[in-house]
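In what follows, a single structure is set out as structure tokens and then discussed.
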Amino acid sequence: MSTDWMTPHLNYDSMAWDAIDEGEELPPVVREVDATLVVVGAVAASRDFYPVHHDKAFAEQSGSPDVFVNILTTNGLMAAYVTNWCGPDWDLVAIDLRLKIPVFPGQTLTTKGAVTRKYEQDGYHALDIGFSADADYGTHCSGTATIRRAESA
């Protein structure tokens, strides 16, 4: 599975606190979902062996058109979306998401987000990021993430 799609979205230099504005939009990330992402994300990365995530025949017998991304894979994709934007000096301290419509192999997943709150707390600079990911049938998930960085950084 190629990771070339993510190269333009990786920030190797961390975002500076003063360069971030509340309301700022994160650049969208578009990726094609394939069966490898679905299966590896479920079985290898999150040890979710429920067959709807790796066995197409079982998924179809269960009423699904194909295997589909599990919640832990979605969680990882959204965490990566936020942390790839802000850079390595920022820590992801919370993520909260709600699944909506499943996403299947062969679909395009478009993730977007924005800074909803910029604040200082307990010696850290902190940001709340609202995000959503849309696929062919509608919104796959939406949620919020909180990232922080030491003020002296």
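Express the C-alpha Rg of segment 68-107 as a ratio against the empirical globular expectation 2.2 N^0.38 Å, rounded to two decimals.
1.33
What are the ³J(HN,Hα) values, in whole Hz, obtained from phi via the Karplus relation 6.51 cos²θ - 1.76 cosθ + 1.60 with θ = phi - 60°, for each residue of segment 124-134 in sequence order, with x given for Gly and Pro?
Going residue by residue, I get 10, 8, 9, 9, 9, 10, x, 9, 8, 10, 10 Hz, with x marking Gly and Pro.
By how many degrees, 0 to 90 and rounded to 10, does the Cα axis of helix 71-86 deviate from the longest principal axis of the chain?
So the helix axis and the longest Cα principal axis differ by about 30 degrees.
What is the set of long-range amide H partners of S14 at a cut-off below 5 Å, with H atoms built 1.01 Å from backbone N?
Those qualifying (amide H under 5 Å, at least 5 residues apart or on another chain) are D89.
Pull up all non-local amide H partners of H140: gap of 5 or more, or a different chain, and H-to-H distance under 5 Å with H placed in the peptide plane.
Amide H to amide H, under 5 Å and 5 or more residues apart or across chains, H140 pairs with I101, A133, D134, A135.
Have a look at D66, D136, D122 and tell me which one the Gaussian network model of the chain (Cα, springs below 10 Å) gives the largest fluctuation.
The residue with the greatest mean-square fluctuation here is D122.
Pop out the ³J(HN,Hα) list for segment 107-119 in order, Karplus 6.51 cos²θ - 1.76 cosθ + 1.60 with θ = phi - 60°, rounded to Hz; leave Gly and Pro as x.
9, 9, 10, 10, 10, 9, x, 7, 6, 9, 7, 10, 7
Can you pull a Stokes-Einstein diffusion coefficient for the chain at 10 °C (1.306 mPa s), Rh from Kirkwood over Cα pairs, as a whole number of µm²/s?
97 µm²/s
Every number in this text was worked out from the coordinates using simple rules, so none of it is lab data. Please read all numbers here as calculations on a predicted model, not as lab measurements.
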